[in-house]
Amino acid sequence: MDSFYINMQSATQAQKARAVLARNGIRSTAERYHSRGKGCSFRLRVYADRGKVCLLLAKAGIPCDIS
Amino acid sequence: MIYLDNAATTYPKPPQVYRVWADAMRTYGANPGRAGYDFSSATSEAVYTARESCASLFGAQPENTIFTLNCTHALNLAIKGIAGKKSHYVISDLEHNAVLRPVHSATLKNGGSYSVFEVSTDDKVTLARAERAIRRDTAAVICTAASNVTGRRLPVKGLAEICRRHGVCFVVDGAQGAGALPLQLSDGINILCAAGHKGLYGPMGTGLLVTDGKYPLDTLMEGGTGSASESPLQPEFTPDRFESGTINTAGVIALGAGAQFVRTKTPSAILKHELELCRHFCEEARKIKGLVLYNDITQQNYHSYAPVVSFNLIGRHSSEVSDELGKRGFCLRGGLHCAPLAHRKLGTLDIGTVRFSPSVFTTHAEVLALLRELYRMASAHKA
């Protein structure tokens with residue numbers, strides 16, 4: 001399955017998102033990267049349907065900022 | 001050695017805490033949240049698991065669970081972070097210096113003031129007194145969940161309701177309660193501060209600030225967080241806002257194991273066991289002539305106490321008694337326990353008290369051994 005990235009504000013938020021998705025059987029990895037204008041940042045690489053992922057994250061209070 | 005000073009720090013720790021702590025030094029040796037390689041990511045994941053474990057004990061969100069150096073650090077963050085200019089605080093007369101001193105210091109610096117309300121044996125009276133102390137400019141009510149001297153519990157839910165009605169932040173010092181008493185953010189606590197190394201059975205050098213996020217806090221320090229690093233401004237989001245610099249990684253991972261231990265045992269079962277030991281101690285200690293108890297835990301008043309008992313041998317300074325007990329192989333603390341307000345209330349400011357504080361690992365046989373020793377000491381003193 002194709003993957004996509006969701007921007008995260010912190011390592012903790014990325015780990016929380018990863019844990020939420022894992023509990024729902026969705027594989028993802030938290031990554032650190034350099035974002036222009038923001039500096040060090042975090043994102044989640046997800047292997048699943050975007051709609052389903054964003055719904056699960058929204059329920060956990062995590063914005064689905066797809067990059 | 002019989003260790004009965006668990007209100008200062010619990011000992012021993014559960015075997016899994018030692019194991020996880022030692023293992024974390026090797027397995028999670030990279031800096032969490034500071035790099036993209038797998039070693040760092042794995043450490044971030046382990047720290048998050050610990051954060052989640054701690055958060056779930058108090059019904060908090062993991063990102064609102066901030067790792068601190070200890071409970072005092074967390075209380076300083078809360079007290080100084082909430083302060084505006086000329087803020088007024090309300091505290092109880094059972095507070096530890098970890099509350100009294102930062103409140104005193106904050107008011108000296110911001111031109112504010114604080115009121116101290118008297119805790120009664122009747123919770124209704126305590127609540128009425130606390131409410132009367134709240135003013136229009138009150139920024140926060142800060143109270144211990146239970147006295148570290150007498151174990152006396154404060155009516156946390158009632159105080160939370162009063163604070164909610166008055167729109168005042170409610171900060172709870174959970175140093176003696178977290179891990180045993182039922183402390184939940186859903187009960188109206190806005191900020192809960194806890195020691196990691198006491199009832200949560202983590203290592204010393206760990207603590208927690210848990211918040212519902214309703215009251216934004218200013219920072220005590222700023223610095224690198226591994227996030228939003230192009231900005232000179234400290235991030236607004238938690239936990240990064242309050243976790244500048246590298247955290248005590250192995251310590252917090254071990255704290256997570258401690259929190260998991262408490263979750264498995266359940267705080268209510270731990271509390272029941274420890275109160276039962278206190279009841280046993282009080283029941284026998286009150287028969288020793290020349291021993292005075294400052295709180296008497298019975299089955300009828302379990303709901304009013306955390307597992308801490310203070311006592312003295314009449315005519316002797318508490319430190320002298322605890323020193324002698326120490327020589328006989330018993331670890332109990334004497335003195336003021338950094339809580340002068342409580343001792344003023346008890347009338348023991350000059351001699352302090354000896355404090356008995358069991359843990360989940362303490363046995364009735366150990367309590368009995370202490371009682372025998374106290375009986376011998378009290379009899380020898382009379383003779």
Exercise. Over 19 Å between Cα atoms, which of A:K52/B:K214; B:K124/B:K157; A:K38/A:K59; B:K86/B:K345 qualify?
Worked result: A:K52/B:K214; A:K38/A:K59; B:K86/B:K345
Problem set entry | Rounded to 10°, Cα long-axis angle of helix B:15-27 versus longest principal axis of chain B | 30
Exercise. Using Cα pairs under 8 angstrom and six or more residues apart, how large is the relative contact order of segment A:4-66, in percent?
Worked result: 42
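For the peptides B:140-147, B:372-379, what is the packing order when you average, over each peptide's residues, the other Cβ atoms within 10 Å and list the highest mean first?
Details: B:140-147: 27.1, B:372-379: 16.5.
Per-residue mean Cβ counts within 10 Å order the peptides as B:140-147, B:372-379.
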Problem set entry | Estimated distance in nm for a label pair at A:Y33 and B:A365, the labels positioned 7 Å out from Cα along Cα-to-Cβ | 6.1
Exercise. Relative contact order, percent, of chain B when contacts are C-alpha pairs under 8 Å separated by at least 6 residues?
Worked result: 22
Exercise. So what's the back-of-envelope 222 nm ellipticity for chain B, counting only DSSP H runs of four-plus at -39500 (n - 2.57) apiece and dividing by all residues, rounded to 500?
Worked result: -13000 deg cm²/dmol
For this session: Please list, or write none, the lysines whose alpha carbon is within less than 20 Å of the alpha carbon of B:K287, excluding same-chain residues fewer than 8 places away.
Result: B:K382
Exercise. Given the C-alpha centroids of segment B:171-214 and segment B:99-119, what is the distance between them in whole angstrom?
Worked result: 21
Exercise. What ranking do A:36-45, B:89-98, B:346-355 get when scored by the average of other Cβ atoms within 10 Å per residue, highest first?
Worked result: B:89-98, B:346-355, A:36-45
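Taking the highest mean first, how do the peptides B:159-172, A:11-24 order by number of other beta carbon atoms within 10 angstrom per residue?
A:11-24, B:159-172
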For this session: About the Cα centre of the protein assembly as shown, how large is the charge dipole given +1 on each Lys and Arg Cβ and -1 on each Asp and Glu Cβ? Please answer in debye to the nearest 20.
Result: 240
Problem set entry | Contour minus Cα-Cα distance for B:Q300 and B:H166 (0.36 nm per residue) | 44.9 nm
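How crowded by other chains is A:2-15, given as the mean number of beta carbons from other chains within 10 Å of each beta carbon?
So the per-residue partner count for this stretch is 6.
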Exercise. Two-decimal Rg/Rh of the protein assembly as shown from alpha-carbon positions, Kirkwood Rh?
Worked result: 1.02
Problem set entry | Nearest-ten-degree value, helix B:249-265 long axis tilted from longest Cα axis of chain B | 60
Exercise. What's the average, rounded to a whole number, of partner chain beta-carbon atoms within 10 Å of each residue's beta-carbon in A:18-30?
Worked result: 1
For this session: Can you tell me the dipole magnitude for chain B around its Cα centre, using point charges on the Cβ only (Lys, Arg +1; Asp, Glu -1), in Debye to the nearest 20?
Result: 1000
Exercise. Amide H neighbours of B:Y305 under 5 Å, counting only residues 5+ apart in sequence or on other chains, H built in-plane at 1.01 Å?
Worked result: B:R153
Exercise. If you line up the long axis of helix A:50-59 against the longest principal axis of chain A, both from Cα atoms, how many degrees apart are they, to the nearest 10?
Worked result: 80
For this session: Write down, largest first, the equivalent ellipsoid semi-axes of segment B:252-380 in whole Å, where each equals the square root of 5 times an eigenvalue of the alpha-carbon gyration tensor.
Result: 26, 17, 15
For this session: On a C-alpha basis, how far is the centre of segment A:1-61 from the centre of segment B:334-358 in Å? Whole number, if you could?
Result: 51
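Please give the average number of partner chain Cβ atoms lying within 10 Å of the Cβ of each residue in B:63-75, rounded to a whole number.
Taking all residues of B:63-75 together, the mean is 1.
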Exercise. Taking +1 at the Cβ of each Lys and Arg and -1 at the Cβ of each Asp and Glu, which of B:L69, B:C282, B:T49 sits farthest along the dipole of the protein assembly as shown towards its positive end, judged by Cα position relative to the Cα centre?
Worked result: B:C282
For this session: Note the full-extension length gain between B:C331 and B:K157 as 0.36 nm times their separation in residues minus their Cα-Cα distance, in nm to one decimal.
Result: 59.3 nm
Exercise. Hey, rough spin-label estimate for B:R19 and B:H280, points 7 angstrom out along Cα→Cβ, what's it come to in nanometres?
Worked result: 2.7
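Here, each number is a calculation from the coordinates, and none is a lab measurement. This is a predicted model, so every value here is computed, not measured. Every residue, glycine among them, receives a Cβ derived from its backbone with ideal geometry; neighbour counts consider all protein chains shown.
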